[in-house]
1. Determine, yes or no, whether Ile398 is among the hydrophobic types (A, V, I, L, M, F, W, C), in contact (Cβ under 8 Å) with a residue 12 or more places away in the chain and surrounded by 18 or more Cβ atoms within 10 Å (Cβ to Cβ).
2. Can you confirm whether Val635 is under 13 Å from Asn527 (Cβ atoms), assigned by TED's automatic domain parsing to the domain that holds Asp520, in contact with a strand residue (DSSP E or B) (Cβ under 7 Å, 6 or more places away or on another chain) and of a type in the set (A, V, I, L, M)?
3. Do we find that Leu521 is touching an Asp or Glu at 6+ places or on another chain (Cβ under 9 Å) and farther than 21 Å from Lys467 by Cβ in this structure?
4. Which of the residues spanning region 20-63 are farther than 26 Å from Lys370 by Cβ, surrounded by fewer than 21 Cβ atoms within 10 Å (Cβ to Cβ) and not basic (Lys, Arg)?
5. Does Ser534 satisfy the condition of being touching a helix residue (DSSP H, G or I) at 6+ places or on another chain (Cβ under 7 Å) and in a strand (DSSP E or B)?
6. If you check Val666 against the conditions, is it aliphatic (A, V, I, L, M), assigned to a helix (DSSP H, G or I), over 27 Å from Phe513 (Cβ atoms) and assigned by TED's automatic domain parsing to the domain that holds Asp472?
7. Right, Gly197: surrounded by 15 or more Cβ atoms within 10 Å (Cβ to Cβ), on the phi < 0 side of the Ramachandran plot and at pLDDT below 80 or not?
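The values are calculated or read from the model by the stated rules, or taken from the named source; none is laboratory data. Just so you know, these numbers come straight off a predicted model, no measurement behind them. Please note: Cβ atoms are built from the backbone with ideal geometry, for glycine as well, and neighbour counts cover all protein chains shown.
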Amino acid sequence: MRVLRDIHNLPKFENAVVTIGSFDGVHNGHRALIKKVKSLAQKVEGEVVIITFHPHPRQIIYPKDDSLKLLNSIEEKIQLFEKLGVENLVIVPFSIEFSQQPADEYVEKFLVEKFRPKIVVVGFDHKFGLNRQGDINYLKHHGKNHGFEVKEIQKQMLADLKISSTRIREALSKQKIKEANQNLGYHYMLTGEVIRGLELGSKLGFPTANLKVSTKYKLVPPNGVYAAYVWYKNQRYKSMFYIGNRMTLEGHPQITMETNIFDFDDSIYGEIIQVELVDFIRDGKKFDDLNALKAQLQKDKISSQKVLEDFEKTQKLEAQKKSVGVVILNYNGKEHLKNFLPSVLKTTYSKTKIWVADNASTDDSVAFLKNEYPSIELLQLTDNQGYAGGYNESLALIEGEVDYYVLLNSDVEVTPNWLEPIVDLMSADKGIVACQPKILSYHKKTHFEYAGAAGGWMDSLGYPFCKGRIFDELEVDKNQYDEPSEIFWASGACMVIRADKFHALGGLDNSYFAHMEEIDLCWRMKNAGYKIMSCPQSIVYHLGGGTLDYESPRKTFLNFRNSLATLLKNQRKRKLLWLIPLRLLLDGLAGVKFLFDGKWRNTLAIIKAHFGFYGMIPNLLDKRLKNRKRINANVFGSKYNSAGVYEGSVVWDFYLRKKRTFSEVVFEPQKEHKRK
């Protein structure tokens, strides 16, 4: 990273993407903004240029105001920007003269002349120039004349930035160190020189390094003892850190900051160290004598060591946790995003990233996302490729970034801890390649939902059905399917899948466009010997019919055509010889039923589906061969896992034997077989 302090001698920037601010804290909100700036720079093949000011403008404009408390010194800020991979950090020396520039001079002599920006990223409330006369509209006007684009930091992100800074200061003032660190994205730090103290700690057996921070404006948490790390010459040491006056000693009222570094005895007077606060241990208090103080210090050391050990264990476990990417495919789904995205953002699993993949929407859902959720990464596709093509292209863009993908419909409401049970289940068994939660109806939460229910099965003729749903008959959830179990296919409405296997086994079939493509992929994975699971400890609620109504002729066409295609691609050759003709006959009977029900458009859709299937046969046979090669290269255990296959006919059981529940269809025949 280049740190540039001389604004009269700046390098020539190439397509600079510039953003300006004090960036106090360089916290998670700032990090999201910087990520956005880096993304813009990548698109225009330009450089990231962060402009900040030192001293802080308030220190110059209000020199007698001692209320200003900063989260970072300038040295700490530089360190944090470097860790974020910023290319250029320009530190502008702030002065009264600088603040008195007219807005025109600020734009032309400062921004344009010195940075030649391609894009300037600022907030809608950004003010600049003498008497704050310049604003974003003023900047946009000059941008047209000087060839730069102005990108607005949306209100929500600005609110997040302010909330984060406020929360951090409030948390620190209340000794809530963990909360502050969560908002910062790192441990709150105090940097300074080691100075001589009274050396009382050495006499008590707890030698301390006394810290003098580099600026009086640095926010120092309230008095007390803290578990901390100390960085010295690029080495990290465990320690306990004390802030406060020496209440046990008379005549020493001044505030001191000192740290007892564990297993360390070097003399470091005059050296620079950095103290990172991990957690609060106790308030400062006065002791009767030095022996009582010494006994308490021993307890404080044990407490601090325990805090740091627990933190490192948690950190280690966190590093081992699988990362999850939730990818929501959107097409003209602004209302769904508005209603259901907030629940996804409340997901508690710590290693979760969220993307919205937009399938070339023609509504204003993209603008809505940019305005309301600018921190969510948006994958914008150039045309609507349906569910299959949309996910294939989107997941190709993020390949290698996470361990598991979640294919999540935009009309699904999730519960906060929905991911933990699934990730735990899949992490414990490498043979599990995909998993789905229990899917209940959004409007009727006591019932299973059509698209997946408690897990997908397949009958001997290739008809899919679910635990909790046979054709359009939905069961009440009475916890009857609450044990994790193997299934044949996981619902595309909410499917968690190993990212590497998704790509290795060919992903979804683009030609399907929508419907049955997840069953086709799952069958391929089953042919490779993998397990697919239902995890009912995870619960989500699906609106259903959010893209196509369940009785839509278009959906009928896709389901019938894609079902035949799935059989031809995945079923064993011998069985196909009699199964395909039988399925064509049964599809014809389904068409007759639609006709008698007055749904002639659905009958026509089945006819079109058959002709569509005939036209696909050469291509499907070619895909069958390619899939076989992928399967052979990715076999797990023995080939073909038949769990989730019902050897009977669900059509026969449902329409002729009047069986309406999964238990009646699958479990009762098994019981009868055992009795015999």
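1. Considered against the rule, which asks whether it is among the hydrophobic types (A, V, I, L, M, F, W, C), in contact (Cβ under 8 Å) with a residue 12 or more places away in the chain and surrounded by 18 or more Cβ atoms within 10 Å (Cβ to Cβ), Ile398 comes out as no.
2. no
3. When the stated conditions are applied, Leu521 does not pass them.
4. His54, Pro55, His56, Pro57, Gln59, Ile60, Ile61, Tyr62, Pro63
5. So Ser534 fails the test.
6. Taking the combined requirement at face value, the residue satisfies it.
7. Taking the combined requirement at face value, the residue satisfies it.
Let's see how each residue does on (1) under 27 Å from Leu579 (Cα atoms); (2) in a strand (DSSP E or B); (3) in contact with a Lys or Arg (Cβ under 7 Å, 6 or more places away or on another chain):
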| site | (1), (2), (3) |
| --- | --- |
| Glu483 | no, no, no |
| Val496 | no, yes, no |
| Leu508 | yes, no, no |
| Ala514 | yes, no, no |
| Ile519 | yes, no, no |
| Cys522 | yes, no, no |
